[in-house]
Amino acid sequence: MKIEFAPLRVPLRRRIQTAAVVQWVFSFLALAQVCLAAFVLLCLSDWWMLGALYAGWLYLDRDTPSCGGRRSQWVRSWRIWMHFRDYFPITLVKTVDLDPRHNYLLGFHPHGVLVAGGFGNFCTEASGFSQMFPGLTPYLLMLPFWFRVPFFREYIMCGGLVSSEKASASYLLGHPGGGQAAVIAVGGAPESLEARPGALTLQLLQRKGFIKLALKHGAWLVPVFSFGENELFDQMENPAGSALRRMQERLQRIMGVALPLFHARGVFQYSFGLLPYRKPIHTVVGRPIPVSQTPCPSKEDIDALHTLYMQGLTQVFEENKKHYGIADDKHLKFT
């Protein structure tokens, strides 16, 4: 394989952007393991008392990820996130105002491999969420497993990440007075196994739990489509029924985390590596779907709202695809 090296005279700003993305990929793929190892070493060292005290803190603080987390505006506003945004670049697109007197459940599509658009737009202030939607506080829901990792949990909560368990979403969507925006990547881990350039297949037909939550709390639904999310990485071929796909699905059932075998570019060369391609991401926030509170929604209530949501998501995609290089004959496919 011929390796295409990066030119020596790359502008400094692009070097900094690459460094920002390197730390993000490291945080996503390896920081949790490093934090866990550091905690174990601390407990086995002469400083074991600090490890014991932190273990006690973990127990006392165990409910925080399900109760809104512990966000830090300082961390969300770090300048490194501006460089991270500019690497792709990432753009947040507003279609209508969102009334802060309501709580919202934003369905993020597609999941992609590493949810770059979801992180950049909702876990940092780099794309200006607070300025576009004043009065709303965004929270990105993440698998509960990660909030059990020492030290790592503190870092991710600073960005506004919270647990994706039902109690966590209910805490946000039931907030009196409104102003909360819970963001969930609806397709979840299974959809990441389909993430590759050109893919427009969304796992949505059987995913109705978020619809039921919205009805129970009267939270308005907002479809969000992130154009370019699937263009960031290539992935090994894993068609349904293949040995690789069966293994990935089995691991996903056991661990709760999907393991897509992805690749893109490196730091000093463009031929292989784990850094995403420099492809633009445009995250379009669609029109809200009003939801009346229904404490005990029926199957018919859920199905009706689910149909409305799919129509709203399709509308967001169809109205905007021509702006982002998608051909007229390309359409979303729901599975």
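Residues being out of contact with any Phe, Trp or Tyr (no Cβ under 8 Å at 6 or more places or on another chain) and part of a loop (DSSP other than H, G, I, E, B): count how many of those fall in the stretch 288-324.
Number satisfying all stated conditions: 7.
Quick one: in the stretch 143-172, of everything that is open to solvent by less than 40 Å² (accessible area, probe 1.4 Å) and in contact with a strand residue (DSSP E or B) (Cβ under 6 Å, 6 or more places away or on another chain), which residue is modelled with the lowest pLDDT? Before you say what the answer is, go through the steps one by one.
Taking the stretch 143-172 first, the residues open to solvent by less than 40 Å² (accessible area, probe 1.4 Å) are 144, 147, 149-150, 152-153, 156-163, 168-170, 172.
Checking the rest, the ones that are also in contact with a strand residue (DSSP E or B) (Cβ under 6 Å, 6 or more places away or on another chain) come to 144, 147, 160-162, 168-169, 172.
On the way: Pro144: 94, Phe147: 97, Gly160: 97, Leu161: 98, Val162: 98, Ser168: 97, Ala169: 97, Leu172: 98.
Ranking the qualifying residues of the stretch 143-172, first place goes to Pro144.
Which of the residues that make up the stretch 16-30 are aromatic (Phe, Trp, Tyr) and open to solvent by 20 Å² or more (accessible area, probe 1.4 Å)?
If we filter the stretch 16-30 for residues that are aromatic (Phe, Trp, Tyr), which is where we start, we get 24, 26, 28.
Hits for the stretch 16-30 are Phe26, Phe28.
Is there any pair linking a residue in the stretch 98-110 that is within 7 Å of Ala219 (Cβ to Cβ) and hydrophobic (A, V, I, L, M, F, W, C) to one that is at pLDDT 95 or above and in a loop (DSSP other than H, G, I, E, B), with Cβ under 8 Å and at least six apart or on different chains, and which?
If the second residue must be at pLDDT 95 or above and in a loop (DSSP other than H, G, I, E, B), the pairs left are Leu105/Ala219.
Can you tell me which residue within the stretch 265-299, out of those that are of a type in the set (Gly, Ala, Ser) and over 19 Å from Ala19 (Cβ atoms), is most open to solvent (accessible area, probe 1.4 Å)?
Looking at the filtered set, the residue picked out is Ser292.
If Arg13 passes every condition in (1) loosely packed, with under 12 Cβ neighbours inside 10 Å; (2) farther than 22 Å from Thr124 by Cβ; (3) not polar (S, T, N, Q) but one, which one does it miss?
Only one criterion is unmet by Arg13, namely (2).
Looking at the stretch 173-202, which of its residues are within 23 Å of Arg250 (Cβ to Cβ) and either among the small types (Gly, Ala, Ser) or open to solvent by 50 Å² or more (accessible area, probe 1.4 Å) (or both)?
Scanning the stretch 173-202 gives Ala185, Gly187, Gly188, Ala189, Ser192, Glu194, Ala195, Ala199.
Out of Val75, Val40, Val34, I need the residue that is under 21 Å from Phe122 (Cα atoms) and either open to solvent by 90 Å² or more (accessible area, probe 1.4 Å) or not aromatic (Phe, Trp, Tyr) (or both). Which one? First the steps, then the outcome.
Working: Val40 fails: under 21 Å from Phe122 (Cα atoms); Val34 fails: under 21 Å from Phe122 (Cα atoms).
Of the residues listed, the single one that is under 21 Å from Phe122 (Cα atoms) and either open to solvent by 90 Å² or more (accessible area, probe 1.4 Å) or not aromatic (Phe, Trp, Tyr) (or both) is Val75.
Go through the stretch 218-227 and count every residue that is surrounded by fewer than 23 Cβ atoms within 10 Å (Cβ to Cβ) and at negative phi.
Going through the stretch 218-227, the residues surrounded by fewer than 23 Cβ atoms within 10 Å (Cβ to Cβ) turn out to be 218, 220.
Remaining after also requiring at negative phi: 220.
Selection size over the stretch 218-227: 1.
Is it true that His83 is open to solvent by less than 10 Å² (accessible area, probe 1.4 Å) and not hydroxyl-bearing (Ser, Thr, Tyr)?
For His83, the condition - open to solvent by less than 10 Å² (accessible area, probe 1.4 Å) and not hydroxyl-bearing (Ser, Thr, Tyr) - is not met.
Scan the stretch 272-301 residue by residue and report those that are free of Cβ contacts under 8 Å to residues at least 24 places away in the same chain, of a type in the set (Gly, Ala, Ser) and farther than 30 Å from Lys321 by Cβ.
Across the stretch 272-301, the qualifying residue is only Ser298.
Select from the stretch 300-310 the residues that are under 22 Å from the mean Cα position of the chain (by Cα) and not aliphatic (A, V, I, L, M) and write down the one among them that is surrounded by the fewest Cβ atoms within 10 Å (Cβ to Cβ).
His306
Check Phe39, Phe28 and return the single one that is modelled with pLDDT under 95 and in a helix (DSSP H, G or I).
Criteria check complete, one pass: Phe28.
For the stretch 46-67, give me each residue that is open to solvent by less than 50 Å² (accessible area, probe 1.4 Å) and in contact with a helix residue (DSSP H, G or I) (Cβ under 6 Å, 6 or more places away or on another chain).
Gly51, Pro65, Ser66, listed by residue number.
Return yes or no: is Phe133 surrounded by fewer than 22 Cβ atoms within 10 Å (Cβ to Cβ), within 26 Å of Gln203 (Cα to Cα) and either of a type in the set (Phe, Trp, Tyr) or out of contact with any Asp or Glu (no Cβ under 7 Å at 6 or more places or on another chain) (or both)?
Criteria not met by Phe133.
What pairs come out if I take residues in the stretch 228-253 that are open to solvent by less than 90 Å² (accessible area, probe 1.4 Å) and pair them with residues that are modelled with pLDDT under 90 and charged (D, E, K, R) whose C-beta lies under 6 Å away, six or more apart or interchain?
Asn238/Arg245
Could you check how many residues of the stretch 188-203 are more than 19 Å from Ala264 (Cα to Cα), of a type outside the set (Gly, Ala, Ser) and under 16 Å from the mean Cα position of the chain (by Cα)?
3
Identify, by number, the condition in (1) open to solvent by 90 Å² or more (accessible area, probe 1.4 Å); (2) at pLDDT 95 or above; (3) within 30 Å of Pro144 (Cα to Cα) that His331 doesn't meet.
For His331, the exception is condition (3).
The values are calculated or read from the model by the stated rules, or taken from the named source; none is laboratory data. If you're wondering where the values come from, they're calculated on a predicted model, not measured in any experiment. When we count neighbours, we look across all protein chains shown, and the Cβ atoms used for this are built from the backbone with ideal geometry, even at glycine. SASA here: full protein model, heavy atoms, side chains in, ligands and nucleic acids out. Shrake-Rupley method; radii C 1.70, N 1.55, O 1.52, S 1.80 Å.
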